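Participant: The structure is given below, and queries will be raised subsequently.
What follows draws every value from the coordinates through simple rules; no lab data is involved. Note that this is a predicted model, so its numbers are computed, not measured. Counting neighbours? That spans all protein chains shown, and the Cβs are built from the backbone with ideal geometry, glycine included.
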Amino acid sequence: MDKQQQYKRVFTHLDQNGDGKLSPLELQVCMGKIGEELSLEEAEMVAELMASEGNGLLSFDDLVKVVESANEDEKVNDLKMAFKMYEEVEGCGCITPKSLRRMLSRLGESRTVEECELMIAKFDLDGNGVVDFDEFHHMMACS
């Protein structure tokens, strides 16, 4: 079963009255089932913000967008945590050859500063000798 089919199955399950739209009440029940408390007022605000037709009801496509954006947000947060592991040593908001060398050493990989400089140069888009978060994000997207 592909992702679209899975989403459709979930949407059909959540759409209790079968009208092809998720109402704020259905959204509230859905959130409750996954352990998240959401008041009806909060559910109404969420539905208003996310409904593409401006009617306060979520379509299947709206639900897919919400899920996909949540997944993307989660990926970015994971990347930020990984980035901090590398840059934390220097605390400069970037990965330097020295901080990369230290982190690789912690992971059991011995590299020289020169080798780390070459590794960084591959993804250093602005040529400043370090990798900032945007460059790190680009690097991870390429791998």
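Participant: Would you mind getting me the FRET efficiency between Lys3 and Ala82? Use the beta-carbon distance for r and R0 = 22 Å, nearest 0.05.
Facilitator: 0.35
Participant: Tell me which label goes with the value of Rg and Dmax of the Cα atoms in Å computed from the coordinates here: (1) 14.9, 45; (2) 21.9, 64; (3) 16.7, 53.
Facilitator: Only one option fits the structure, namely (2).
Participant: Hey, another quick one. Kirkwood hydrodynamic radius (Cα pairs, Å) of the stretch 3-73?
Facilitator: One decimal place: 12.1 Å for the Kirkwood radius.
Participant: In addition: Using the Cα centre of the chain as origin and beta-carbon charges of +1 (Lys, Arg) and -1 (Asp, Glu), tell me which of Cys116, Gly18, Thr96 is placed farthest towards the positive end of the dipole.
Facilitator: Towards the positive end, the residue furthest out is Cys116.
Participant: Across the chain, how many lysine pairs, 8 or more positions apart or on different chains, have C-alpha atoms separated by under 21 Å? Please give the number.
Facilitator: Pairs that pass both the separation and distance tests number 17.
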